[in-house]
């Protein structure tokens with residue numbers, strides 16, 4: 001089989017995204033059996049010849065994170081043992097990304113552990129989107145292409161809102177928000193947030209003038225939605241006309257949907273890097289944008305050994 005043949009594979013995490021990507025590439029998702037035994041062990045069988053192929057596994061490691069991570073790892077091992085020429089892990093969402101450094105004594109750096117696992121089983125390139133921390137790229141000793149959903153989100157913001165200001169929900173997101181604000185030629189505000197325990201936050205005050213403006217909270221992910229909902233209340237108290245939110249990864253765990261429904265946030269724009277659970281799909285405030293075309297273009301360029309750098313904006 002020619003080494004120029006490309007194959008697209010998918011685990012169970014987001015098969016619909018894999019189908020969208022394959023459609024953009026004028027292909028179909030390759031045949032693989034990914035299932036569980038009765039005791040919970042994961043089984044993978046590649047159902048077609050992959051010898052000498054350029055294989056891409058599309059698998060966000062979202063909830064249930066450990067199951068989807070193991071599917072990815074075992075599928076990569078199966079492809080390596082079947083003599084695939086190169087295996088690229090396409091991670092629209094990188095699970096464990098928030099554990100990227102030691103924040104206390106005797107704790108792991110789990111994002112690094114995930115990187116080591118992928119390299120050990122034969123992954124030779126990684127394609128990911130909006131990492132929680134850019135330095136995670138350095139955890140790999142193989143090429144990493146880090147894409148951003150910014151072009152898709154910026155287009156939506158430009159077409160949907162007027163007289164708006166972008167707001168970073170915490171100090172850590174200022175660089176991201178500044179980059180968006182520069183391209184949209186709009187103002188920037190920051191919420192001073194104090195967090196006393198994981199998945200819990202308290203917004204304190206706003207740095208910047210949001211009076212009589214449409215405030216758009218910008219973050220890389222929304223998990224329990226506490227940060228966004230508290231931020232929205234703070235912005236309204238500081239004179240914002242209305243509040244919307246834009247996030248790349250809709251983790252939406254725990255009480256997130258209940259909080260969003262009850263909050264003063266008018267809309268939450270997310271991408272399809274993570275499939276929405278049923279409760280989230282029923283939430284009228286959530287708008288989903290697709291990044292499949294962007295990922296498909298990156299896959300096409302990687303396969304053809306073309307530059308991917310023009311997509312890093």
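The values are calculated or read from the model by the stated rules, or taken from the named source; none is laboratory data. These numbers come from a predicted model, not from an experiment. Glycine gets a Cβ as well: all are built from the backbone with ideal geometry, and neighbour counts include every protein chain shown.
Miscellaneous remarks
- Residue selected from the range 262-287 under the condition surrounded by 16 or more Cβ atoms within 10 Å (Cβ to Cβ) and out of contact with any helix residue (DSSP H, G or I) (no Cβ under 7 Å at 6 or more places or on another chain), by the criterion nearest to residue 68 (Cα to Cα): 274
- Checked against the criterion of being assigned to a strand (DSSP E or B), modelled with pLDDT of 95 or more, surrounded by 19 or more Cβ atoms within 10 Å (Cβ to Cβ) and in contact with a helix residue (DSSP H, G or I) (Cβ under 9 Å, 6 or more places away or on another chain), the range 192-203 contains not a single residue that satisfies it.
- As a summary of the residue check, residue 50 satisfies the conditions (1) surrounded by 12 or more Cβ atoms within 10 Å (Cβ to Cβ); (2) over 24 Å from residue 305 (Cβ atoms) except for the one numbered (2).
- Any hit, the range 70-83, residues being under 23 Å from residue 276 (Cβ atoms), touching a helix residue (DSSP H, G or I) at 6+ places or on another chain (Cβ under 8 Å) and assigned to a loop (DSSP other than H, G, I, E, B): no
- Whichever residue in the range 98-113 is outside any loop (DSSP other than H, G, I, E, B) and touching a helix residue (DSSP H, G or I) at 6+ places or on another chain (Cβ under 7 Å) and, among such residues, is nearest to residue 224 (Cα to Cα): 111
- Residue 10 being surrounded by 11 or more Cβ atoms within 10 Å (Cβ to Cβ), without any contact (Cβ under 8 Å) to a residue 60 or more places away in the chain and touching a helix residue (DSSP H, G or I) at 6+ places or on another chain (Cβ under 6 Å): yes
- Among the residues listed as 127, 188, the single one being touching a helix residue (DSSP H, G or I) at 6+ places or on another chain (Cβ under 7 Å), under 27 Å from residue 78 (Cα atoms), buried (at least 17 other Cβ atoms within 10 Å of the Cβ) and modelled with pLDDT of 95 or more: 127
- Checking residue 250 against (1) more than 29 Å from residue 5 (Cα to Cα); (2) surrounded by fewer than 22 Cβ atoms within 10 Å (Cβ to Cβ); (3) touching a strand residue (DSSP E or B) at 6+ places or on another chain (Cβ under 7 Å), the condition it does not meet: (2)
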